[in-house]
Amino acid sequence: QVQLVESGGGLVQPGGSLRLSCTVSGTIFGITMAWYRQAPGKQRELVARITTDRSTNYLDSVKGRFTISRDNVKGAVSLQMDSLKPDDTAVYYCNNYTTTWSWGQGTPVTVSS
(Lines give C-alpha, C1' and ligand atoms only; values in the text may rest on other atoms or scores of the structure.)
Protein backbone atom coordinates (compact mmCIF):
# COMPACT_ATOMS: atom_id res chain seq x y z
CA GLN A 1 0.00 0.00 0.00
CA VAL A 2 1.32 3.39 -0.97
CA GLN A 3 2.22 5.63 1.96
CA LEU A 4 2.27 9.41 1.80
CA VAL A 5 4.30 11.55 4.17
CA GLU A 6 3.83 15.31 4.13
CA SER A 7 6.16 17.75 5.86
CA GLY A 8 7.24 21.35 5.94
CA GLY A 9 4.23 23.01 7.54
CA GLY A 10 4.35 25.39 10.46
CA LEU A 11 3.42 28.80 11.78
CA VAL A 12 4.18 31.74 9.50
CA GLN A 13 3.23 35.39 9.44
CA PRO A 14 1.07 36.81 6.66
CA GLY A 15 3.20 37.45 3.61
CA GLY A 16 5.63 34.71 4.54
CA SER A 17 6.62 31.55 2.70
CA LEU A 18 6.71 27.83 3.30
CA ARG A 19 7.76 24.88 1.20
CA LEU A 20 5.82 21.68 1.68
CA SER A 21 7.19 18.30 0.70
CA CYS A 22 5.51 14.99 0.09
CA THR A 23 7.30 11.69 -0.21
CA VAL A 24 5.58 8.69 -1.75
CA SER A 25 6.57 5.12 -0.89
CA GLY A 26 5.76 3.96 -4.41
CA THR A 27 6.44 5.31 -7.85
CA ILE A 28 4.81 8.47 -9.16
CA PHE A 29 5.85 7.89 -12.76
CA GLY A 30 2.82 8.36 -15.00
CA ILE A 31 0.67 9.68 -12.16
CA THR A 32 -0.91 13.09 -11.85
CA MET A 33 -0.19 14.25 -8.32
CA ALA A 34 -1.99 16.89 -6.31
CA TRP A 35 -1.97 18.92 -3.13
CA TYR A 36 -5.15 19.38 -1.14
CA ARG A 37 -5.99 21.27 2.01
CA GLN A 38 -8.63 21.16 4.68
CA ALA A 39 -9.33 24.15 6.85
CA PRO A 40 -11.08 23.78 10.21
CA GLY A 41 -14.78 23.16 9.70
CA LYS A 42 -14.46 23.00 5.92
CA GLN A 43 -14.29 20.30 3.30
CA ARG A 44 -11.01 19.23 1.76
CA GLU A 45 -10.28 21.15 -1.43
CA LEU A 46 -7.90 20.74 -4.33
CA VAL A 47 -5.10 23.31 -4.23
CA ALA A 48 -2.86 22.30 -7.14
CA ARG A 49 -2.13 19.41 -9.42
CA ILE A 50 0.73 18.46 -11.71
CA THR A 51 0.62 16.00 -14.57
CA THR A 52 3.34 13.68 -15.74
CA ASP A 53 4.46 16.24 -18.33
CA ARG A 54 4.47 18.89 -15.60
CA SER A 55 1.37 20.76 -16.69
CA THR A 56 -0.11 22.47 -13.64
CA ASN A 57 -3.46 23.75 -12.42
CA TYR A 58 -4.21 25.82 -9.35
CA LEU A 59 -7.09 26.86 -7.17
CA ASP A 60 -7.95 30.42 -8.20
CA SER A 61 -7.18 31.83 -4.77
CA VAL A 62 -3.58 30.55 -4.84
CA LYS A 63 -2.67 31.31 -8.46
CA GLY A 64 0.49 33.36 -8.66
CA ARG A 65 1.42 32.53 -5.06
CA PHE A 66 1.81 28.74 -4.98
CA THR A 67 3.96 26.54 -7.21
CA ILE A 68 3.71 22.77 -7.41
CA SER A 69 6.61 20.66 -8.61
CA ARG A 70 7.60 17.02 -8.79
CA ASP A 71 10.67 14.80 -8.74
CA ASN A 72 9.80 11.48 -10.33
CA VAL A 73 13.10 9.86 -9.44
CA LYS A 74 12.76 10.68 -5.76
CA GLY A 75 9.03 10.04 -5.72
CA ALA A 76 8.40 13.47 -4.27
CA VAL A 77 6.02 16.35 -4.81
CA SER A 78 6.51 19.86 -3.43
CA LEU A 79 4.41 22.94 -2.93
CA GLN A 80 6.13 26.30 -2.69
CA MET A 81 3.81 28.74 -0.96
CA ASP A 82 4.57 32.45 -1.06
CA SER A 83 2.67 35.55 0.04
CA LEU A 84 0.73 33.46 2.49
CA LYS A 85 -2.59 34.71 3.81
CA PRO A 86 -4.58 33.79 6.90
CA ASP A 87 -7.11 32.06 4.61
CA ASP A 88 -4.36 29.60 3.64
CA THR A 89 -4.45 28.16 7.16
CA ALA A 90 -5.26 24.46 6.83
CA VAL A 91 -3.84 20.97 6.97
CA TYR A 92 -2.20 20.21 3.63
CA TYR A 93 -2.17 16.77 2.03
CA CYS A 94 -0.77 15.31 -1.16
CA ASN A 95 -2.30 12.43 -3.11
CA ASN A 96 -2.76 10.77 -6.44
CA TYR A 97 -5.20 13.03 -8.29
CA THR A 98 -6.76 10.30 -10.44
CA THR A 99 -7.00 7.36 -8.05
CA THR A 100 -6.94 8.46 -4.44
CA TRP A 101 -4.57 6.57 -2.18
CA SER A 102 -4.96 6.34 1.57
CA TRP A 103 -4.44 9.80 3.01
CA GLY A 104 -1.36 10.67 4.97
CA GLN A 105 -1.30 12.64 8.19
CA GLY A 106 -0.94 15.92 6.38
CA THR A 107 1.12 18.88 7.49
CA PRO A 108 -0.52 21.82 9.27
CA VAL A 109 0.00 25.35 8.06
CA THR A 110 -1.01 28.29 10.21
CA VAL A 111 -0.78 31.82 8.85
CA SER A 112 -1.15 34.32 11.64
CA SER A 113 0.48 37.39 13.08
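The table that follows gives values for the structure above.
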item	result
Kirkwood hydrodynamic radius of region 9-71, from inverse mean 1/r over distinct Cα pairs, in Å	13.3
Once the Cα gyration tensor of the chain is diagonalised, semi-axes √(5λ) in Å	22, 14, 12
Residues listed by number, region 98-113, amide nitrogen under 19 Å from residue 38 label point at 7 Å toward C-beta	98-111
Dipole magnitude of the chain, debye to nearest 20 (Cβ charges: Lys/Arg +1, Asp/Glu -1, about Cα centre)	40
Qualifying aspartates and glutamates (Cα of each under 19 Å from Cα of residue 85; at least 8 residues distant if same chain)	45, 60
Longest to shortest principal axis, alpha-carbon extents of region 37-103, angstrom	34, 27, 18
The chain, accessible surface, carbon-and-sulfur percent (1.4 angstrom probe)	47
Efficiency of FRET from Cβ geometry, residue 73 and residue 46, R₀ 35 Å, rounded to 0.05	0.90
Trypsin sites (Lys or Arg not before Pro) restricted to region 24-113 and DSSP loop, no more than 16 other C-beta within 10 Å	42, 44, 54, 63, 65, 74
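The values are calculated or read from the model by the stated rules, or taken from the named source; none is laboratory data. This is a predicted model, so every value here is computed, not measured. Note that each Cβ is placed from the backbone with ideal geometry, even for glycine, and that neighbours are counted across all protein chains shown. Just the protein is used for accessible areas: all its heavy atoms, side chains included, with ligands, DNA and RNA removed. Shrake-Rupley method; radii C 1.70, N 1.55, O 1.52, S 1.80 Å.
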